[in-house]
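To keep things clear, I will list the structure first and then write my remarks on it.
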Amino acid sequence: MDKNESADHIVSAKDVFKAAQLINPLIRITPLETSEALTRMTGTEVRLKLENQQNTGSFKLRGAANVIANLSQNEREIGVIAPTAGNHGLALAHAGKAARVPVTICLPETADPMKLAAMEASNAKVEFFHAPAYRFLSGRSDEPRSRSSVLPGKRPNGWLRMASWIAGSNNSQEETVS
(Lines give C-alpha, C1' and ligand atoms only; values in the text may rest on other atoms or scores of the structure.)
Protein backbone atom coordinates (compact mmCIF):
# COMPACT_ATOMS: atom_id res chain seq x y z
CA MET A 1 0.00 0.00 0.00
CA ASP A 2 1.53 3.33 -1.01
CA LYS A 3 1.33 6.62 0.86
CA ASN A 4 -1.78 7.61 -1.10
CA GLU A 5 -3.64 4.64 0.31
CA SER A 6 -3.38 5.55 3.98
CA ALA A 7 -6.64 6.68 5.51
CA ASP A 8 -5.07 9.81 6.96
CA HIS A 9 -3.38 10.98 3.73
CA ILE A 10 -4.49 14.48 2.79
CA VAL A 11 -4.83 14.87 -0.97
CA SER A 12 -2.50 17.63 -2.15
CA ALA A 13 -2.37 19.66 -5.35
CA LYS A 14 0.67 17.54 -6.30
CA ASP A 15 -1.48 14.39 -5.94
CA VAL A 16 -4.13 15.92 -8.19
CA PHE A 17 -1.67 16.84 -10.94
CA LYS A 18 -0.02 13.41 -10.72
CA ALA A 19 -3.42 11.73 -11.06
CA ALA A 20 -4.28 13.87 -14.07
CA GLN A 21 -1.03 12.84 -15.78
CA LEU A 22 -1.46 9.15 -14.94
CA ILE A 23 -5.01 8.85 -16.26
CA ASN A 24 -4.64 11.12 -19.29
CA PRO A 25 -3.93 8.30 -21.79
CA LEU A 26 -7.15 6.50 -20.86
CA ILE A 27 -9.68 9.26 -20.69
CA ARG A 28 -11.53 11.34 -23.22
CA ILE A 29 -11.60 15.11 -23.02
CA THR A 30 -15.16 15.96 -22.05
CA PRO A 31 -16.76 19.39 -22.35
CA LEU A 32 -18.05 21.81 -19.76
CA GLU A 33 -21.38 23.26 -20.83
CA THR A 34 -23.35 26.07 -19.25
CA SER A 35 -26.74 25.00 -17.94
CA GLU A 36 -29.07 27.90 -18.67
CA ALA A 37 -31.80 26.49 -16.41
CA LEU A 38 -29.49 26.00 -13.40
CA THR A 39 -27.83 29.36 -14.03
CA ARG A 40 -31.26 31.07 -13.91
CA MET A 41 -32.29 29.11 -10.81
CA THR A 42 -29.12 29.89 -8.85
CA GLY A 43 -28.33 33.38 -10.11
CA THR A 44 -24.76 32.33 -10.90
CA GLU A 45 -23.24 30.54 -13.86
CA VAL A 46 -23.47 26.77 -13.51
CA ARG A 47 -21.45 24.59 -15.85
CA LEU A 48 -21.87 20.85 -16.16
CA LYS A 49 -18.98 18.46 -16.87
CA LEU A 50 -20.37 16.02 -19.42
CA GLU A 51 -18.72 12.86 -18.13
CA ASN A 52 -21.45 10.77 -19.76
CA GLN A 53 -19.31 11.27 -22.88
CA GLN A 54 -16.37 9.47 -21.23
CA ASN A 55 -15.06 6.27 -22.85
CA THR A 56 -17.10 4.12 -20.45
CA GLY A 57 -20.09 6.46 -20.19
CA SER A 58 -19.41 7.85 -16.71
CA PHE A 59 -16.89 9.66 -14.50
CA LYS A 60 -15.98 6.35 -12.83
CA LEU A 61 -13.17 5.77 -15.33
CA ARG A 62 -11.12 8.57 -13.75
CA GLY A 63 -11.01 6.95 -10.31
CA ALA A 64 -10.59 3.41 -11.62
CA ALA A 65 -7.73 4.42 -13.92
CA ASN A 66 -5.95 6.20 -11.07
CA VAL A 67 -6.37 3.29 -8.67
CA ILE A 68 -5.01 0.84 -11.27
CA ALA A 69 -2.11 3.18 -12.08
CA ASN A 70 -1.14 3.31 -8.40
CA LEU A 71 -1.13 -0.43 -7.74
CA SER A 72 2.13 -2.01 -6.64
CA GLN A 73 3.78 -4.47 -9.03
CA ASN A 74 2.59 -7.33 -6.83
CA GLU A 75 -1.00 -6.04 -6.87
CA ARG A 76 -0.82 -5.63 -10.67
CA GLU A 77 0.26 -9.25 -11.11
CA ILE A 78 -2.35 -10.67 -8.74
CA GLY A 79 -5.18 -8.47 -10.02
CA VAL A 80 -8.11 -6.68 -8.45
CA ILE A 81 -11.66 -7.59 -7.53
CA ALA A 82 -14.70 -5.37 -7.06
CA PRO A 83 -18.42 -5.74 -6.36
CA THR A 84 -20.51 -3.46 -8.54
CA ALA A 85 -23.77 -3.18 -10.40
CA GLY A 86 -22.32 -1.43 -13.41
CA ASN A 87 -20.35 1.77 -14.01
CA HIS A 88 -17.56 1.13 -11.50
CA GLY A 89 -17.02 -2.38 -12.87
CA LEU A 90 -17.06 -1.18 -16.45
CA ALA A 91 -14.48 1.51 -15.64
CA LEU A 92 -12.29 -0.92 -13.70
CA ALA A 93 -12.45 -3.47 -16.53
CA HIS A 94 -11.48 -0.81 -19.08
CA ALA A 95 -8.58 0.49 -16.97
CA GLY A 96 -7.44 -3.04 -16.11
CA LYS A 97 -7.37 -4.09 -19.75
CA ALA A 98 -5.30 -1.05 -20.71
CA ALA A 99 -2.81 -1.73 -17.91
CA ARG A 100 -2.87 -5.53 -18.37
CA VAL A 101 -4.10 -6.00 -14.81
CA PRO A 102 -6.46 -8.95 -14.20
CA VAL A 103 -9.87 -7.73 -13.08
CA THR A 104 -12.68 -9.71 -11.49
CA ILE A 105 -16.05 -8.01 -11.27
CA CYS A 106 -18.81 -9.36 -9.00
CA LEU A 107 -22.24 -8.49 -10.29
CA PRO A 108 -25.78 -9.13 -9.15
CA GLU A 109 -27.62 -11.53 -11.43
CA THR A 110 -29.84 -8.63 -12.46
CA ALA A 111 -26.93 -6.61 -13.90
CA ASP A 112 -27.41 -4.72 -17.14
CA PRO A 113 -26.59 -7.19 -19.96
CA MET A 114 -24.97 -4.44 -22.05
CA LYS A 115 -22.59 -3.51 -19.21
CA LEU A 116 -21.89 -7.18 -18.58
CA ALA A 117 -20.97 -7.65 -22.25
CA ALA A 118 -18.77 -4.54 -22.19
CA MET A 119 -16.93 -5.78 -19.08
CA GLU A 120 -16.35 -9.15 -20.70
CA ALA A 121 -15.16 -7.42 -23.89
CA SER A 122 -12.56 -5.67 -21.71
CA ASN A 123 -11.31 -9.11 -20.59
CA ALA A 124 -12.73 -8.82 -17.08
CA LYS A 125 -13.65 -12.04 -15.34
CA VAL A 126 -17.29 -11.65 -14.35
CA GLU A 127 -18.78 -13.58 -11.45
CA PHE A 128 -22.24 -13.26 -10.04
CA PHE A 129 -22.91 -12.60 -6.36
CA HIS A 130 -23.56 -16.23 -5.58
CA ALA A 131 -20.10 -17.15 -6.92
CA PRO A 132 -16.86 -17.63 -4.89
CA ALA A 133 -15.68 -14.07 -5.57
CA TYR A 134 -18.62 -12.64 -3.62
CA ARG A 135 -17.86 -14.92 -0.69
CA PHE A 136 -14.27 -13.64 -0.88
CA LEU A 137 -15.36 -9.99 -0.84
CA SER A 138 -17.81 -10.50 1.97
CA GLY A 139 -15.20 -12.26 4.11
CA ARG A 140 -17.03 -15.60 3.99
CA SER A 141 -14.33 -17.41 2.04
CA ASP A 142 -11.39 -19.56 3.01
CA GLU A 143 -9.42 -18.09 0.08
CA PRO A 144 -6.47 -15.97 1.27
CA ARG A 145 -6.96 -12.26 0.64
CA SER A 146 -4.34 -11.87 -2.05
CA ARG A 147 -6.20 -9.63 -4.48
CA SER A 148 -6.84 -5.95 -3.84
CA SER A 149 -10.48 -5.07 -3.32
CA VAL A 150 -11.34 -1.93 -5.29
CA LEU A 151 -14.54 -0.56 -3.83
CA PRO A 152 -16.03 2.63 -5.30
CA GLY A 153 -15.01 5.68 -3.28
CA LYS A 154 -13.02 3.71 -0.71
CA ARG A 155 -9.48 4.50 -1.90
CA PRO A 156 -8.02 8.00 -1.80
CA ASN A 157 -6.69 7.53 -5.35
CA GLY A 158 -10.26 7.07 -6.52
CA TRP A 159 -11.27 10.45 -5.08
CA LEU A 160 -8.71 12.13 -7.28
CA ARG A 161 -10.93 11.51 -10.31
CA MET A 162 -12.83 14.77 -9.89
CA ALA A 163 -9.82 16.75 -8.81
CA SER A 164 -7.88 15.51 -11.84
CA TRP A 165 -9.99 17.54 -14.24
CA ILE A 166 -10.06 20.55 -11.95
CA ALA A 167 -6.26 20.63 -12.15
CA GLY A 168 -6.30 22.06 -15.66
CA SER A 169 -9.49 24.06 -15.29
CA ASN A 170 -9.74 27.80 -15.75
CA ASN A 171 -12.66 30.15 -16.17
CA SER A 172 -12.76 30.03 -19.96
CA GLN A 173 -16.24 29.26 -21.25
CA GLU A 174 -14.88 27.38 -24.27
CA GLU A 175 -12.43 25.26 -22.33
CA THR A 176 -12.67 21.53 -22.15
CA VAL A 177 -10.57 19.63 -19.69
CA SER A 178 -9.53 16.03 -19.43
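The values are calculated or read from the model by the stated rules, or taken from the named source; none is laboratory data. Computed from a prediction, not measured in an experiment: that's the story for all the values here. In this analysis, Cβ positions are derived from the backbone assuming ideal geometry, glycine residues included, and neighbour counts consider all displayed protein chains.
A few points about this structure:
- Hits in the range 96-114 (condition: within 12 Å of residue 69 (Cβ to Cβ) and in contact with an Asp or Glu (Cβ under 9 Å, 6 or more places away or on another chain)): 101
- Single residue of the range 23-63 satisfying the filter (assigned to a helix (DSSP H, G or I) and in contact with a Leu (Cβ under 9 Å, 6 or more places away or on another chain)) that is farthest from residue 121 (Cα to Cα): 38
- Test: residue in the range 73-86 that is outside any helix (DSSP H, G or I), without any contact (Cβ under 8 Å) to a residue 40 or more places away in the chain and in contact with a Pro (Cβ under 7 Å, 6 or more places away or on another chain): yes
- Annotation: residue 95 fulfils all but one of (1) modelled with pLDDT of 95 or more; (2) surrounded by 15 or more Cβ atoms within 10 Å (Cβ to Cβ); (3) farther than 28 Å from residue 118 by Cα; the unmet one is (3).
- Verdict on residue 94 being in contact with a strand residue (DSSP E or B) (Cβ under 7 Å, 6 or more places away or on another chain), closer than 30 Å to residue 120 by Cα and either part of a helix (DSSP H, G or I) or polar (S, T, N, Q) (or both): no
- Among all residues of the range 21-37, there is at least one that is over 30 Å from residue 106 (Cα atoms) and out of contact with any strand residue (DSSP E or B) (no Cβ under 8 Å at 6 or more places or on another chain).
- Within the range 104-129, the only residue that satisfies the criterion of being among the basic types (Lys, Arg) and surrounded by fewer than 21 Cβ atoms within 10 Å (Cβ to Cβ) is 125.
- Taking the criterion of being crowded, with 17+ Cβ neighbours inside 10 Å and either hydrophobic (A, V, I, L, M, F, W, C) or at pLDDT below 65 (or both), the only residue of the range 1-15 that qualifies is 4.
- Per the listing 101, 67, the residue uniquely modelled with pLDDT of 95 or more, hydrophobic (A, V, I, L, M, F, W, C) and either buried (at least 18 other Cβ atoms within 10 Å of the Cβ) or not in a helix (DSSP H, G or I) (or both) is 101.
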